[in-house]
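To start, the structure itself, in structure tokens.
The values are calculated or read from the model by the stated rules, or taken from the named source; none is laboratory data. All of these numbers come straight from a predicted model, not from anything done at the bench. Glycine also receives a Cβ, built like all others from the backbone with ideal geometry; neighbour counts cover every protein chain displayed. In case anyone asks, the SASA skips ligands and DNA or RNA and just uses the protein heavy atoms, side chains included. Shrake-Rupley method; radii C 1.70, N 1.55, O 1.52, S 1.80 Å.
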Amino acid sequence: MSTQVHATLSEDAVEQISEDLGEPEWLLETRKDALAALETLEMPDVIQTPGRKWTNLDALDYETLVDPLDYAQDKDRIDAEGVDVLSWSEALDEHGDLIEDHFGSVVDPQRDYLTALSTALFSAGTVVYVPEGVDAEDVKIRTTMNSRSLFNYTLVVAEESSSVTILERQTTGEDTEGDQYYSGVVEAVAGENAYVQYGTLQNLSEESYNYQVKRGHADTYASIDWIEGNIGSRLTKSNVETRLLGDSSESQIVGAFFGHDDQHVDIAARVWHEAEHTVADLVTRGVLDDEARSVYEGVQDVGTEAWDTSSYQRENTLMLSDESEADASPKLIINNHDTEASHSATVGQVDAEDMFYMTSRGVNPEKAKNMLVEGFFVPVLEEVAVDELREDLDGLIYERLRE
């Protein structure tokens, strides 16, 4: 690894964060272990094609981006009836045992260098606890980063036969200038027959670097759905993952991104089928303009015991500029013959025949292009069941097209 960030870190800083949040000793030790592991951990895996490494995380100047004790933020949490949506300190007081049981059980605190860094330094924490039998919608989390770096952690626990829909927004404060670094880790646990839908709309400053991991464990008859919209940041490295651990569990991963200028988007989506009768659907669409770049990797991993699996994947990238670049790598790993699965990926320019058809009927070229782009996103937007998220994402796409 060519970059070391821990020169700006110390156990004293980690202890100060933990003390500020009123954490128990076991959690402080978890943080310290993650800090010590930075010496040996590698950066997250990225896609490489012959002669090219698409995303170079080692090149980031973390030492100028990360200030452990400066974590200014605005955090709004809106709960729903019967659901606890708590700050980290509140959750430790009210649900300490629950946190101890689940923290780090879904996302390994030392899975890679950047995740361990987030484990050691996270200061913006939220716990969403959904008791057995509770059905809840409209849980909202709004995070505004007002410092050079911010490390965010979210734990979602949905007990048996419960359901919850969560919408998270990530933005940057108006007074925040210069390069920034945002890190977010989400762990979701869906108990038997539970349903978790987690939607994220990321519109951080285009001077920011954005690293996120969202991962869920689905029990028997449980469902975990992820919706992710990426509009902001200079560089985004996002991982969205579900392990289907229980029979008849399901997951859907829906993604949309729109890059312009020199934005770089690196998206990885993965589902592990580990039980019988599991179902997964991965669908992502992205648009690139100017000199923006994207890389996508989607993996459907079917285990030996995953009888009667259904798994589907579709990724499409539309390029509006000859200077933009995109690569897509959908993968199937099948270890059980009782599987119905498919995957596809396309990368291409706006269809010349469609443009000709519209302009020949009096639509000016710029408006025709915008209409085609909006139409391109429709199949993804139709998969977004959260009305507010769909409308917000559609609005941001509309704004970008008219910049």
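Looking at the stretch 301-319, I want the residues that are among the acidic types (Asp, Glu) and have a partner that is in a loop (DSSP other than H, G, I, E, B) with Cβ atoms under 6 Å, at least 6 apart or on another chain. Which pairs are those?
If the second residue must be in a loop (DSSP other than H, G, I, E, B), the pairs left are Asp308/Glu276; Asp308/His277; Asp308/Asp338.
Considering Val271, Val240, Val279, which residue is closer than 30 Å to Asn193 by Cα, modelled with pLDDT of 95 or more, open to solvent by 20 Å² or more (accessible area, probe 1.4 Å) and touching a strand residue (DSSP E or B) at 6+ places or on another chain (Cβ under 7 Å)?
It is Val279.
For the stretch 112-128, state whether one or more residues are open to solvent by 30 Å² or more (accessible area, probe 1.4 Å) and not polar (S, T, N, Q).
No, the stretch 112-128 contains no residue that is open to solvent by 30 Å² or more (accessible area, probe 1.4 Å) and not polar (S, T, N, Q).
Just give me the residues in the stretch 20-78 being more than 20 Å from Tyr181 (Cα to Cα) and of a type in the set (Ser, Thr, Tyr), in sequence order.
Thr30, Thr40, Thr49, listed by residue number.
Among the residues of the stretch 178-204, write down those that are modelled with pLDDT of 95 or more, open to solvent by 20 Å² or more (accessible area, probe 1.4 Å) and farther than 22 Å from Val106 by Cα.
Within the stretch 178-204, just Asn203 meets the criteria.
Can you tell me which residues in the stretch 205-237 are over 20 Å from Val127 (Cα atoms), surrounded by fewer than 24 Cβ atoms within 10 Å (Cβ to Cβ) and of a type in the set (Gly, Ala, Ser)?
Residues satisfying the conditions are Ser205, Gly232.
Sort through Asp74, Asp12, Asp33 and tell me the only one that's open to solvent by 20 Å² or more (accessible area, probe 1.4 Å), in a strand (DSSP E or B) and at pLDDT 90 or above.
So the residue among Asp74, Asp12, Asp33 that is open to solvent by 20 Å² or more (accessible area, probe 1.4 Å), in a strand (DSSP E or B) and at pLDDT 90 or above is Asp74.
Quick one: what pairs do we get from the stretch 13-41, first residue within 14 Å of Ser123 (Cα to Cα) and in contact (Cβ under 8 Å) with a residue 40 or more places away in the chain, second aliphatic (A, V, I, L, M) and surrounded by fewer than 18 Cβ atoms within 10 Å (Cβ to Cβ), C-beta under 8 Å, 6+ apart or different chains?
Ala13/Leu69; Val14/Leu28; Gln16/Leu69; Ile17/Leu69
Give the residues of the stretch 188-204 that are within 23 Å of Val265 (Cβ to Cβ) and touching a residue at least 60 places away in the same chain (Cβ under 8 Å), sorted by residue number.
Ala188, Gln197, Gly199, Leu201, Asn203
Considering the stretch 330-357 alone, what residues qualify as being surrounded by fewer than 17 Cβ atoms within 10 Å (Cβ to Cβ), among the hydroxyl-bearing types (Ser, Thr, Tyr) and in a strand (DSSP E or B)?
Hits for the stretch 330-357 are Ser342, Ser344, Thr346.
Of the residues in the stretch 147-159, how many are modelled with pLDDT under 95 and surrounded by fewer than 23 Cβ atoms within 10 Å (Cβ to Cβ)?
The qualifying residues number 2.
I need the full set of residues from the stretch 284-306 which are part of a strand (DSSP E or B) and closer than 18 Å to Asp327 by Cβ, in order please.
Correct list: Thr284, Arg285, Gly286, Val287, Leu288, Arg293, Ser294, Val295, Tyr296, Glu297, Gly298, Val299.
Check the stretch 46-62 and report whether any residue there is of a type in the set (Ser, Thr, Tyr), open to solvent by less than 70 Å² (accessible area, probe 1.4 Å), more than 26 Å from Met145 (Cβ to Cβ) and in contact (Cβ under 8 Å) with a residue 40 or more places away in the chain.
Among the residues of the stretch 46-62, at least one is of a type in the set (Ser, Thr, Tyr), open to solvent by less than 70 Å² (accessible area, probe 1.4 Å), more than 26 Å from Met145 (Cβ to Cβ) and in contact (Cβ under 8 Å) with a residue 40 or more places away in the chain, which makes the answer yes.
May I ask you to list the residues in the stretch 109-146 that are part of a strand (DSSP E or B), acidic (Asp, Glu) and touching a Leu at 6+ places or on another chain (Cβ under 8 Å)?
Of everything in the stretch 109-146, just one residue is part of a strand (DSSP E or B), acidic (Asp, Glu) and touching a Leu at 6+ places or on another chain (Cβ under 8 Å), namely Asp138.
What is the residue count in the stretch 71-110 for residues that are within 19 Å of the chain's Cα centre (by Cα), of a type in the set (Phe, Trp, Tyr) and within 19 Å of Val139 (Cβ to Cβ)?
Result for the stretch 71-110: 0.
What's the total number of residues in the stretch 172-204 that are more than 24 Å from Pro44 (Cα to Cα) and of a type in the set (S, T, N, Q)?
4
Among the residues of the stretch 282-307, write down those that are open to solvent by 50 Å² or more (accessible area, probe 1.4 Å) and over 27 Å from Ala222 (Cβ atoms).
Listed by number, the residues that qualify are Asp290, Glu291, Arg293.
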